[in-house]
1. Output the Kirkwood hydrodynamic radius of the stretch 192-303, Cα pairs only, in Å rounded to one decimal.
2. Which one of Gln270, Pro213, Ile283 is farthest out on the positive end of the charge dipole of the stretch 192-303, using unit charges on Cβ (Lys, Arg +1; Asp, Glu -1) and the Cα centre as origin?
3. Taking 0.36 nm per residue of separation and subtracting the Cα-Cα distance, what length does fully extending Lys300 through Arg94 add?
4. Kindly provide log₁₀ I(q)/I(0) values, in the same order as q = 0.16 Å⁻¹, from the Debye equation applied to equal alpha-carbon scatterers of the stretch 162-255.
5. When the dipole is taken about the Cα centre of the chain, and only Lys, Arg (+1) and Asp, Glu (-1) are charged at their Cβ, what size is it in debye, to the nearest 20?
6. Output the 0 to 90 degree angle, nearest 10, between the alpha-carbon long axis of helix 289-303 and the longest principal axis computed from the alpha carbons of the chain.
7. Rounded to the nearest 500 deg cm²/dmol, what is the calculated helix-only ellipticity per residue at 222 nm for the chain, with -39500 (n - 2.57) per DSSP H run of length n ≥ 4?
8. Between Arg106, Arg177, Arg239, find the one with the highest GNM mean-square fluctuation for the chain; connect C-alpha pairs within less than 10 Å.
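What follows is calculated from the coordinates using simple rules that are stated; it is not laboratory data. Keep in mind that what you see is a predicted model, and the values were worked out from it rather than measured. Quick reminder, even Gly has a Cβ in these numbers, built from the backbone with ideal geometry, and neighbours come from all protein chains shown.
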Amino acid sequence: MIGEADREIRLRTFDWLTRQREESGESISRTALETFSLDGRRIPLVGPSGIWKPAVCELPLSITTTVGGPYDDNFDRQAGTLRYAYRGLDPEHRDNRGLRRAMIERVPIVYFHAIERGSYVAAYPVFVVEDHPEQLRFSMQVDDLYAVESDALGALVVAEDAAEPRRAYVTDTFRRRLHQAAFRERVIRAYAERCALCRLRHQELLDAAHITPDSDAEGEPVVSNGVALCKLHHAGFDRFFFAIRPDYVIDVRPSVLRESDGPMLVVGLQQIHGQLIHLPRRISDLPDRARLERRYEQFKLAVG
């Protein structure tokens, strides 16, 4: 089994990643991962190879995907697992042996999925659950950090068969979370990291608003189905306080225009009426006019 120092590094890494997500959102930069430190000692969380073991750890600490990379790293939705390719073609490569040992000893790792070049979404704790040497890959599952009770990190008190349904559910939840994080990243980048209405630039206050909701069968997470909006305008858009017409002009509901409720209402909603939204430069990123038309019809029904 891994020693106390290795267990401590994993626990504190999970804690740090949780804080990063709470403070800055889903995506995290490669620079932040490479400069991670504990007690003044730099411990990179990613490295030059996809399966990464810092010198201070006994077993791999993380696995990483790349945008357009050569490996077949993806989800098996039927099995409720992640697929991760071996390093190279030799099952006995030291990195592959390290993940195999992590599987046997039930040692959790971090899975960093690249959503854009240099930008990742983290899943943790991740357990290697199957080894497929004939296919040169591993199967993994994400678990709920707060549901895992252990007497030694990764050595679960609950039986593995009891944990399996939970892990399949958490893994699928991560898949959906990953798609939404990638959608947000691409939409906000397309709009030059500004709200399309008020031009606010603070990333922490920006969202990718769906034109067709993601709960809809046609609500694909593509840039043309999104608009970068600050949180105020996102909430107003979702609740039909205003709509964006197919000609990209903003139409505020009449009842809001008649209200008198202080400067925030005036600046945030009333003054945007009749304005053209700020659009992405690339034609392929422009809001889909057919989607806007359908949503505008819904808006007109909502306001009567």
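1. Numbers: mean 1/r = 0.0705 Å⁻¹.
Taking every pair of different Cα atoms in the stretch 192-303, averaging 1/r and inverting gives 14.2 Å.
2. My answer, from the dipole projection, is Gln270.
3. Going from the current span to full extension adds 67.9 nm.
4. Per q value, in the given order, log10 I(q)/I(0) is -0.70.
5. Working: 42 positive and 46 negative charges, 233 e Å.
Approximately 1120 debye in magnitude.
6. That works out to roughly 60 degrees.
7. Details: 8 runs with 103 residues, N = 304.
Rounded to the nearest 500, it is -10500 deg cm²/dmol.
8. The residue with the greatest mean-square fluctuation here is Arg239.
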